[in-house]
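The values are calculated or read from the model by the stated rules, or taken from the named source; none is laboratory data. Given the structure is predicted, the values throughout are model-derived calculations rather than measurements. Cβ coordinates were reconstructed from backbone atoms using ideal geometry, including for glycine residues, and neighbour counts include every protein chain displayed. To get the accessible areas, we keep the full protein, side chains included, count just its heavy atoms, and leave off ligands, DNA and RNA. Shrake-Rupley method; radii C 1.70, N 1.55, O 1.52, S 1.80 Å.
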Amino acid sequence: MSASTTDTALVRGLDTLRAADAPAVGGKAANLGELIASGFPVPPGFVLPADAYLDAMAAAGVRDELRALHDRALTATDPADLDALCAEAAAKVRAAGMPDRLADAVRAAYAALGTDGHEAFVAVRSSAVGEDSADDSFAGMNATFTNVRGAEELIGRIIDCWASAYGQRVVAYRAGRGSAAEPAVAVVVQVMVAAERAGVAFTAHPVTGRTDVVVVEAALGQGEVVVSGAVQPDTYELAATPGTPLRGMHIGEQTHEIVRGPDGVDIP
């Protein structure tokens, strides 16, 4: 269903999503919906499906131009040409902006996340359609922003996530994988947790593929230092059985942490 036909497709609550929605909202958003349905304590939020982005570009009259630029970038052999084509595409996305109808839906959904009259701090995360599939992994390539506050800043960051679909690294990865499909990126907006510690859990060993262990990589502060590789996290290996007994651990070298400052800006 196209986002241009119904408001429910413009902005969808995370609690309405299931794994079958991944083609429309990306694996990240769909899996958050599955976690909520399973009773896990997931911070509330919503997602703009990929169709919202595609319809916005079509409404601005640049969708065909973006497809052409992307096709040229996929076959570029000179890094300077690739960089120029990607920069031109990203600039067109930002110039296209967000249609008023979608912006109004975003403002309403964001306002609903606030509490006691206060605007929520949110994370704004790309959820590219097709990322982290059995064959591909775009993890960490598209843009993510933390501690975003205010509806207009949020709208700007959503557009930045759209533009990141044309990042040089992302396009080069697509070219290397032989993927010529038109980029389509959904965007997850989710209430921030002011984390003292954060990390990532792998339900299959990231190196061996074993499914009888769970590997946790964690660090002080917000989780982007783990995802970006900015620090060497602590690593814990646990048995995937009730009680999850610790099988092994490695204490990493953490030179810094990122936390939310008093004004909402991330500080190291």
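Summary of computed values
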read-out	value
Criterion: in a helix (DSSP H, G or I), open to solvent by 20 Å² or more (accessible area, probe 1.4 Å), in contact (Cβ under 8 Å) with a residue 40 or more places away in the chain and at negative phi - qualifying residue of D55, D81, D15, D64	D55
Segment 215-253: number of residues that are among the basic types (K, R) and part of a loop (DSSP other than H, G, I, E, B)	0
Any chance V129 is within 13 Å of I155 (Cβ to Cβ) and touching a residue at least 60 places away in the same chain (Cβ under 8 Å)	no
Test: residue in segment 197-214 that is surrounded by fewer than 15 Cβ atoms within 10 Å (Cβ to Cβ), in a loop (DSSP other than H, G, I, E, B) and touching a residue at least 40 places away in the same chain (Cβ under 8 Å)	no
Residues (open to solvent by 40 Å² or more (accessible area, probe 1.4 Å) and farther than 18 Å from L113 by Cα) located in segment 180-196	A180, A181, E182, E196
Of residues in segment 225-255 being touching a Gly at 6+ places or on another chain (Cβ under 9 Å) and of a type in the set (D, E, K, R), the one nearest to R125 (Cα to Cα)	D234
Conditions (1) open to solvent by 70 Å² or more (accessible area, probe 1.4 Å); (2) in contact (Cβ under 8 Å) with a residue 40 or more places away in the chain; (3) over 23 Å from G176 (Cβ atoms): number failed by T75	(3)
Selected residue [within 23 Å of A195 (Cα to Cα) and modelled with pLDDT of 90 or more] from D234, D266	D234
Hits in segment 141-156 - residues which are surrounded by 21 or more Cβ atoms within 10 Å (Cβ to Cβ) and part of a helix (DSSP H, G or I)	L154
Residues within segment 215-237 that are over 18 Å from T144 (Cβ atoms), open to solvent by 50 Å² or more (accessible area, probe 1.4 Å) and aliphatic (A, V, I, L, M), tallied	1
Condition check for E253: surrounded by fewer than 18 Cβ atoms within 10 Å (Cβ to Cβ) and of a type in the set (D, E, K, R)	yes
Residue check for A230: more than 30 Å from L85 (Cβ to Cβ) and under 22 Å from the mean Cα position of the chain (by Cα)	no
